[in-house]
Amino acid sequence: MPFTPTDYLPYDFANRRHIGPSPEEMQAMLDVIGAESLEALIDDTVPASIRQAAALEFGRPLSERELLFHMREVADKNQVLTSLIGQGYHGTVTPPAIQRNILENPAWYTAYTPYQPEISQGRLEALLNFQTMISDLTGLEVANASLLDEGTAAAEAMTMAQRLAKSKAKAFFVDRDCHPQTIAVVQTRAQPLDIEVIVGNPDKMQADQVFGALFQYPGTYGHVRDFTPQMEALHAARAIGVVAADPLALTLLKEPGAMGVDIAVGSTQRFGVPMGAGGPHAAYMATRDAYKRAMPGRIVGVSIDAQGNQAYRLSLQTREQHIRREKATSNVCTAQALLAVMASMYAVFHGPKGLKAIAQRIHRKTVRLARGLEEAGFKVDPKGFFDTITVDVGPLQAAVMKSALDEGINLRRVGETRVGITLDETTRRDTTEAVWRAFGITRADDELAPEYRVPADMHRESDYLTHPIFHMNRAETEMMRYMRRLADRDLALDRAMIPLGSCTMKLNAAAEMMPLSWPEFAHIHPFAPAAQQAGYAEMVTDLSDKLCQITGYDAISMQPNSGAQGEYAGLLTIAAYHRAQGQGHRNICLIPMSAHGTNPASAQMVGWKVVVVKSAENGDIDLDDFRAKAEKHSDNLAGCMITYPSTHGVFEETVHEVCQITHDHGGQVYIDGANMNAMVGISRPGDLGGDVSHLNLHKTFAIPHGGGGPGMGPIGVKSHLSPHLPGHPEQGHPERGGADAGPVSAAPYGSASILTISWAYCLMMGGAGLTQATKVAILNANYIAKRLEGAYGVLYKGPTGRVAHECILDTRPFDLSAGVTVDDVAKRLMDSGFHAPTMSWPVAGTLMVEPTESETKAELDRFVDAMLSVRAEVQAIEDGKIDAQNNPLKHAPHTMEDLVKDWDRPYSREQGCFPPGAFRVDKYWPPVNRVDNAYGDRNLICTCPPLEDYAEAAE
């Protein structure tokens, strides 16, 4: 028999690993939807007028093995020195159990934001642990479930203080000892809101002249001081006091709550989360109970399920920007859930005694370092400190810095004559000795008698982390099992498709994730000298070039560390451009009804007024209304914010006209990049008339969602806007000229370390692979829409009857015919082992489905089977065959406890617990029944409940 060679390509990452359907499956799907070929489907779906002319071409794509070799070469160009720069970023030891079981575990990093609480109980508990940890350490009653970074948390605190303060003052005071990047981010946030920022000495603050004040604790140069007098003065003036506090220091130092602080913010980076050249890290915010409804970000709370058992959920969601739009308190959407989980597990891993021991060791090392410098004749400030000192070296600053570099150590340049040093958990005795050598001191670090220099009146007196979860047996077997138990409660992408519309829950490939943990990427300080970050620079430059090719823009800023942050940065860039043109009065923003909820919230944050544009019957932008409003506001039109393809899942053919109208009236066009997964390689927002777009790297470019963060939201702009992109105090941009281009994030490249994921994705996919992924995403969405045709109405389609990469299924008729709500459908899908599609957005009472290109035909069919089963159960209610209240839809989701206890329902256990789509052997069991949202908001508990509550729930 002659040998038959194969043309199969086993290392073709795009087509063998990332894209779900095989060529044979694609053909079967095309047959179902009635398209001759994938190209014919795309021609049918995407208007010719918006197609890009040239194919996307990046050169030959890399295999996984080639990618890892290449990433290793690039990583080696970064120099990992011991960074004692401080300034809010510290060396830390990530417990290997947490690195392996949380950071590198797809059960944690591929989950979505816990909007469906019944299938999110594990990470909700972990985030509740985080809130409890923060609440205890700060001495404040309520904490949120994380923010983006310390700088943006401080900016959020400023605007929260303005909402809360009874003072009529328009200024905000900032302690001059705050970290420079924090001051800069606060100033950026304040400028468009007409808030005057006064940076100065806390002792000279005039409380009656400000609505609030921010202080650093300990200060950026090491000072530890009691802010009680400042809080008293602020409260007397009916103003709000904010402190940015190091949570590790709070294990030794008097807590903010004991000083009368109203809001505390900070970063939990040093709780086991690597520096990563700036992120991602979980910032925190805590406040007094009276102020909880004004707090931005997500809050996990405790409620009960339908059986009265304890259950966790996101609380007070009506505060969120998707509901309140331009009336939202903030545009915060993505948080830092995965990193908050890591930080909370670090506290569980060490417990209060362990955290105090770590802080105590760091402090004692710093005291020994200071003593050695003092005995050699150097002036060391301050006298009382936690982990940071500043040394006056006079004209020797450059020599000392250079000597330290030669020893493999980064110190901080402070002014012209001083050097800052911050020690951390990773500091060893040989580090201390190397620092001494940099100062010309030869000395052994062997005088280990403990000495403490925390000011006597600043010692912490209250207990913290008293909940039993922080006192569990800390053997690694127990920790490993605890993390596994929590993960098993949740439904993430490692179990099933997550068909959330506008969320793009695609594959996060293992090879893309691996470099993230390498020390050469993980252990770089964001303010380390540029020469030490050559690998990062190469990655940022190449990824920026690729994103410019993909979008049709001329420049990229990698600074925004979430999609909403990208929106905000894009609008700030437009506003700065208008000011530079002498058009600073332009402040009207046209936003369609169907826009993302973050859009109007972002416009409000830059001081713009939102004018809402109607939608036409087919879901498109109402062009007549858009034109009329653009003409009416022509003199003051700043811009418009549109999403393309539309949030209704359609490529609108009028997009060029919308952009032209905006430009004709002096405005700039912001195209939201939320739906770029339908455009890459096919159409470019910069060619459509867009001036700026943000890209959700955590959607389109494969960064995982992490259960609610991290994310990255870089912005692309046309050349006329590039001088106004965000700057950074640690990294001047002389080529950009825009003096008002301040930072939007604490670090120059936001959450820089996760850029490795998107870069790896682009390198392995190649231009043709990325384009094919877009086409298959459109194929998968059209396949689902076609298979569900007749059972469900598909609300919006293009003129040829096609949808883009997502479709909206209309479940509203079921409420009228059978009393079945969109909630009932969503919960019933859990019984089949699925996360529900996006509920009630952009149309109330509907489901928006986005399958992405990564799902196989078998998984799509399983989802369709589940949806058809739901429709059959609705039909049974409509036909009077089952009771309208006592049925599988109303009782969903069903738990294992339901299965084994007495069964008194008019349908079988089989029907209730094993509907079509559910696996028999590997079935996912929701750990709780339907959660009572109203109860949770009426009885708000945002920290870990006492152990007896668990016992009561169990009974």
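The values are calculated or read from the model by the stated rules, or taken from the named source; none is laboratory data. The structure displayed is predicted, hence computed values, not measured ones. Note that we place each Cβ from the backbone using ideal geometry, even for glycine, and neighbour counts take in every protein chain shown. Remember, those area values only see protein heavy atoms, side chains included, never the ligands or the DNA or RNA. Shrake-Rupley method; radii C 1.70, N 1.55, O 1.52, S 1.80 Å.
Taking segment 863-918 as the range and being within 23 Å of Leu816 (Cα to Cα), open to solvent by 60 Å² or more (accessible area, probe 1.4 Å) and either in contact with a Phe, Trp or Tyr (Cβ under 7 Å, 6 or more places away or on another chain) or among the polar types (S, T, N, Q) (or both) as the test, the residues that pass are Gln875, Gln885. Counting the residues of segment 1-47 that are among the polar types (S, T, N, Q) and over 29 Å from Leu763 (Cα atoms) gives 1.
For segment 780-821, filtered to residues that are of a type in the set (Ser, Thr, Tyr) and over 19 Å from Arg871 (Cβ atoms), the residue that is farthest from the chain's Cα centre (by Cα) is Thr800. Would you mind stating whether Thr541 is within 30 Å of Thr94 (Cβ to Cβ) and not aliphatic (A, V, I, L, M)? Here the answer is yes, as Thr541 does meet what is asked. Scoring Ala370 on the criteria (1) buried (at least 21 other Cβ atoms within 10 Å of the Cβ); (2) closer than 30 Å to Thr466 by Cα; (3) over 31 Å from the mean Cα position of the chain (by Cα) leaves a single failure, condition (2). Could you figure out which of (1) at pLDDT 95 or above; (2) of a type outside the set (Val, Ile, Thr); (3) under 30 Å from Met514 (Cα atoms) isn't true of Pro813? Single failed check for Pro813: (3). Residue-level analysis places Phe130 outside the set of residues that are open to solvent by 20 Å² or more (accessible area, probe 1.4 Å) and hydrophobic (A, V, I, L, M, F, W, C).
Every residue in segment 440-453 that is open to solvent by less than 70 Å² (accessible area, probe 1.4 Å), in contact (Cβ under 8 Å) with a residue 24 or more places away in the chain and under 18 Å from Arg428 (Cβ atoms), please. Ile441, Arg443, Asp445 - these are the residues of segment 440-453 that are open to solvent by less than 70 Å² (accessible area, probe 1.4 Å), in contact (Cβ under 8 Å) with a residue 24 or more places away in the chain and under 18 Å from Arg428 (Cβ atoms). Hey, any hits in segment 822-835 for a residue that's within 21 Å of Ser646 (Cα to Cα), open to solvent by less than 10 Å² (accessible area, probe 1.4 Å) and out of contact with any Leu (no Cβ under 7 Å at 6 or more places or on another chain)? For segment 822-835, residues within 21 Å of Ser646 (Cα to Cα), open to solvent by less than 10 Å² (accessible area, probe 1.4 Å) and out of contact with any Leu (no Cβ under 7 Å at 6 or more places or on another chain): absent. The residues of segment 640-685 that are open to solvent by less than 10 Å² (accessible area, probe 1.4 Å) and part of a helix (DSSP H, G or I), listed by number, are Val655, Val658, Cys659, Thr662, Gly673, Ala674, Asn675, Met676, Asn677, Ala678, Pro685. Show me the helices (runs of 4 or more DSSP H) entirely contained within segment 447-562 in which 3 or more residues are within 30 Å of Val650 (Cα to Cα). Here the list reads 534-551.
Answer yes or no as to whether Gln162 is in contact with a strand residue (DSSP E or B) (Cβ under 6 Å, 6 or more places away or on another chain) and open to solvent by less than 20 Å² (accessible area, probe 1.4 Å). The answer is no for Gln162. From the list Tyr796, Tyr792, the lone residue that is of a type in the set (Phe, Trp, Tyr), open to solvent by less than 30 Å² (accessible area, probe 1.4 Å) and either within 20 Å of Tyr115 (Cβ to Cβ) or touching a residue at least 24 places away in the same chain (Cβ under 8 Å) (or both) is Tyr792.
Would you mind finding the one in Tyr568, Tyr536 that is out of contact with any Ser or Thr (no Cβ under 7 Å at 6 or more places or on another chain) and touching a residue at least 24 places away in the same chain (Cβ under 8 Å)? Checking each option against the conditions leaves just Tyr536.
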